[in-house]
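*Asks:* A single structure is presented below for examination.
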Amino acid sequence: MNNHSAKRIAIFGSTGSIGTQALEVIAAHPELLSVEVLTANANDELLIEQALRYKPNVVVIGDDSKYQKVRTALEQTDIKVFAGEAALAEVAAMDIYDLMLAAIVGYAGLKPTLTAIRHGKAIALANKETLVVAGDIVMQTALEMRVPIIPVDSEHSAIFQCLVGEHRNPIEKVILTASGGPFLGRKTNYLVNVKREHALQHPNWSMGAKISVDSATLMNKGLEMIEARWLFNLRPDQIQVLIHPQSIVHSMVQFEDGSIKAQMGLPDMKLPIQYALAFPNRVANSFPRCDFKKFNTLNFDEPDYRTFRNLPLAIEALKKGGNLPCVLNAANEIAVWAFLKNRIGFLDMTDVIEQTMQKVSWIEKPSIEDYYESDGEARLYAGELIKL
Ligand code: NDP
């Protein structure tokens with residue numbers, strides 16, 4: 001804080017993979033960006049360390065039981081400390097920042113992000129689940145409030161960058177690339193035995209646990225198709241997925257004349273994070289550069305929909321719409337949580353999601369309350385299936 005001309009950033013989810021990389025980006029550009037808000041769920045130690053180093057205006061710890069510890073650690077500073085789920089939305093509404101980096105993982109990111117949009121804050125969106133759950137309401141609110149939503153997800157950042165200067169030119173289709181995750185080429189007989197440790201070893205990206213599992217099941221690509229549908233106002237048939245194991249082409253846009261634009265670079269989330277925080281400017285940095293001599297073959301292939309059944313389930317939700325993507329997301333969060341706790345196997349996750357999608361009643365045009373209820377209902381049912 002304290003740099004009066006800098007863009008004031010609130011990082012919701014500062015202790016995560018995206019949050020910590022964003023702090024590195026901000027620290028490298030103090031003349032452009034300042035930290036005003038940091039939030040964590042349970043990682044009080046890291047939140048305290050970040051607060052003492054970056055001196056934000058406000059910190060929030062989601063877990064109330066950690067409030068006293070954080071407060072005591074910061075009592076010699078001017079930093080205000082809040083705690084609890086409701087505080088996340090209260091701070092999101094405060095007039096102390098310009099742009100929210102929405103980097104909380106999962107459904108928990110929805111309410112603070114929607115609150116920020118309702119208060120006219122620009123959003124750098126990493127939390128894809130916000131659009132998966134309630135994309136229609138989130139985008140409509142952003143339109144009404146004239147709030148820009150700048151994607152951080154590398155694929156959507158790529159599409160966004162390809163679209164700069166093209167706003168009058170209709171999109172024919174977008175091509176979302178997928179690395180294929182750690183189990184690319186594997187079949188069901190192999191997947192039946194994989195454990196948490198295998199699923200967390202992504203070949204190209206270092207990410208939080210939930211998105212790493214989503215990448216291993218290809219659910220991540222399904223969530224990204226739904227995210228792209230809302231961000232770029234596309235029909236489901238305009239979104240194609242291709243497996244691209246090198247993760248150099250981050251995604252592509254094909255225009256009506258058949259011309260295709262791609263955005264490329266090394267797989268490093270700091271680049272799309274910096275692009276979103278500094279948008280519309282490109283800022284010089286010292287990140288490693290892509291050397292095409294080292295990547296002289298770039299492959300593109302169809303995903304294996306028969307083995308990785310989470311992807312067709314997400315496509316079904318994308319096509320049917322209504323509350324089905326919200327139900328898919330909730331069931332997936334419960335299934336991934338159970339897999340990470342070694343309570344269910346890798347392939348069981350798909351069964352939990354599929355059965356939950358069949359169980360929860362479909363609502364064609366949900367209100368925000370309908371989404372909250374569908375999320376709760378889906379979690380309850382998925383939890384019963386797993387016998388939580
Ligand atoms: P992490 O798990 O690494 O971090 C999640 C952050 O959210 C942490 O700060 C965590 O706090 C906080 N958090 C978790 N649960 C809650 C909750 N219930 N209430 C409030 N805060 C909570 O996730 P990632 O950084 O990997 O991902 C964040 C988002 O960005 C996800 O939606 C993901 O899909 C998306 N994304 C991530 C990419 C990546 O490379 N990591 C790439 C593209 C998108 P604490 O540390 O205290 O638990």
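*Asks:* Would you confirm whether or not the stretch 285-295 contains a residue that is in contact (Cβ under 8 Å) with a residue 12 or more places away in the chain and buried (at least 16 other Cβ atoms within 10 Å of the Cβ)?
*Replies:* The answer is no, given that none of the residues of the stretch 285-295 is in contact (Cβ under 8 Å) with a residue 12 or more places away in the chain and buried (at least 16 other Cβ atoms within 10 Å of the Cβ).
*Asks:* Right, another one. Restricting the search to the stretch 6-41, which residues are touching a Phe, Trp or Tyr at 6+ places or on another chain (Cβ under 6 Å) and of a type in the set (S, T, Y)?
*Replies:* Hit for the stretch 6-41 is T39, nothing else.
*Asks:* Examine the stretch 42-55 for a residue that is touching a Phe, Trp or Tyr at 6+ places or on another chain (Cβ under 9 Å), away from the ligand (no atom under 14 Å from the Cβ) and more than 19 Å from L110 (Cβ to Cβ), and state whether such a residue exists.
*Replies:* no
*Asks:* List the pairs whose first member sits in the stretch 28-53 and is free of Cβ contacts under 8 Å to residues at least 24 places away in the same chain and under 9 Å from T15 (Cα atoms), whose second member is within 10 Å of the ligand (Cβ to nearest atom) and not in a helix (DSSP H, G or I), and whose Cβ atoms are under 7 Å apart, counting only residues at least 6 apart or on separate chains?
*Replies:* Matching pairs, first to second residue: none at all.
*Asks:* Something else about it: If I ask for residues that are away from the ligand (no atom under 16 Å from the Cβ) and surrounded by fewer than 16 Cβ atoms within 10 Å (Cβ to Cβ), which ones from the stretch 187-203 would you list?
*Replies:* K187, T188, N189, Y190, V192, N193, K195, E197, H198
Condition check ((1) under 19 Å from S17 (Cα atoms); (2) in contact with a helix residue (DSSP H, G or I) (Cβ under 7 Å, 6 or more places away or on another chain)) across all residues:
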| position | (1), (2) |
| --- | --- |
| N57 | no, no |
| K66 | no, yes |
| K69 | no, yes |
| G106 | yes, yes |
| L110 | yes, yes |
| R118 | no, yes |
| K121 | no, no |
| N127 | yes, yes |
| V132 | no, yes |
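*Asks:* Within the group S157, S206, which residue is of a type outside the set (D, E), within 12 Å of the ligand (Cβ to nearest atom), surrounded by fewer than 17 Cβ atoms within 10 Å (Cβ to Cβ) and over 16 Å from E302 (Cα atoms)?
*Replies:* Being of a type outside the set (D, E), within 12 Å of the ligand (Cβ to nearest atom), surrounded by fewer than 17 Cβ atoms within 10 Å (Cβ to Cβ) and over 16 Å from E302 (Cα atoms) holds for just one of S157, S206, which is S206.
*Asks:* Just one of K294, K261 is assigned to a strand (DSSP E or B) and of a type outside the set (A, V, I, L, M, F, W, C); which is it?
*Replies:* None of the other options fit; the residue is K261.
*Asks:* Turning to a different aspect of this structure: Pairs only if they're at least six apart or on different chains, beta carbon under 7 angstrom, first in the stretch 191-209 and more than 18 Å from A338 (Cα to Cα) and small (G, A, S), second within 16 Å of the ligand (Cβ to nearest atom) and open to solvent by less than 50 Å² (accessible area, probe 1.4 Å); list them, first residue then second.
*Replies:* S206/S17
*Asks:* Please enumerate the residues belonging to the stretch 7-32 that are closer than 16 Å to I123 by Cβ, away from the ligand (no atom under 13 Å from the Cβ) and either open to solvent by 10 Å² or more (accessible area, probe 1.4 Å) or among the basic types (K, R) (or both).
*Replies:* K7, R8
*Asks:* OK, next. What is the number of the single condition among (1) touching a strand residue (DSSP E or B) at 6+ places or on another chain (Cβ under 6 Å); (2) among the β-branched types (V, I, T); (3) more than 10 Å from the ligand (Cβ to nearest atom) that T141 does not meet?
*Replies:* Looking at each condition in turn, T141 falls short on (1).
*Asks:* If you don't mind, there's one more thing I want to ask. Of all helices (runs of 4 or more DSSP H) completely enclosed by the stretch 109-189, which ones contain at least 3 residues that are polar (S, T, N, Q) and modelled with pLDDT of 95 or more?
*Replies:* 129-145, 154-163
*Asks:* Step by step: first the residues of the stretch 160-176, then only those that are under 26 Å from R306 (Cβ atoms) and more than 16 Å from the chain's Cα centre (by Cα), then the one that is farthest from the ligand (Cβ to nearest atom). Which residue is that?
*Replies:* K173
*Asks:* Does the stretch 264-291 hold any residues that are in a loop (DSSP other than H, G, I, E, B) and of a type in the set (D, E, K, R), and which are they?
*Replies:* Across the stretch 264-291, the qualifying residues are D268, R282, R289, D291.
*Asks:* Looking only at the stretch 331-388, count how many residues are under 29 Å from G181 (Cα atoms) and polar (S, T, N, Q).
*Replies:* 6
*Asks:* Could I ask something else about it? Please determine, by comparing only the residues of the stretch 226-236 that are in a helix (DSSP H, G or I) and open to solvent by 10 Å² or more (accessible area, probe 1.4 Å), which one is nearest to the ligand (Cβ to nearest atom).
*Replies:* L231
*Asks:* Also: Only residues that are part of a loop (DSSP other than H, G, I, E, B), among the aliphatic types (A, V, I, L, M), farther than 18 Å from T20 by Cβ and under 19 Å from the mean Cα position of the chain (by Cα): list them for the stretch 190-222, please.
*Replies:* Of everything in the stretch 190-222, just one residue is part of a loop (DSSP other than H, G, I, E, B), among the aliphatic types (A, V, I, L, M), farther than 18 Å from T20 by Cβ and under 19 Å from the mean Cα position of the chain (by Cα), namely L218.
*Asks:* Please state which of the following conditions R168 fails to meet, knowing it meets all the rest: (1) surrounded by fewer than 17 Cβ atoms within 10 Å (Cβ to Cβ); (2) in contact with a Pro (Cβ under 6 Å, 6 or more places away or on another chain); (3) closer than 30 Å to R282 by Cα.
*Replies:* Here R168 clears every test but (2).
*Asks:* Can you find, within the stretch 355-388, the residue that is surrounded by the most Cβ atoms within 10 Å (Cβ to Cβ) among those that are among the acidic types (D, E) and under 22 Å from V105 (Cα atoms)?
*Replies:* D375
The values are calculated or read from the model by the stated rules, or taken from the named source; none is laboratory data. Fair warning: this is a prediction, and the values are worked out from it, not measured in the lab. So basically every Cβ, Gly included, is an ideal-geometry build from the backbone, and we count neighbours across all protein chains shown. For accessibility, only protein heavy atoms count, side chains too; no ligands or nucleic acids. Shrake-Rupley method; radii C 1.70, N 1.55, O 1.52, S 1.80 Å.
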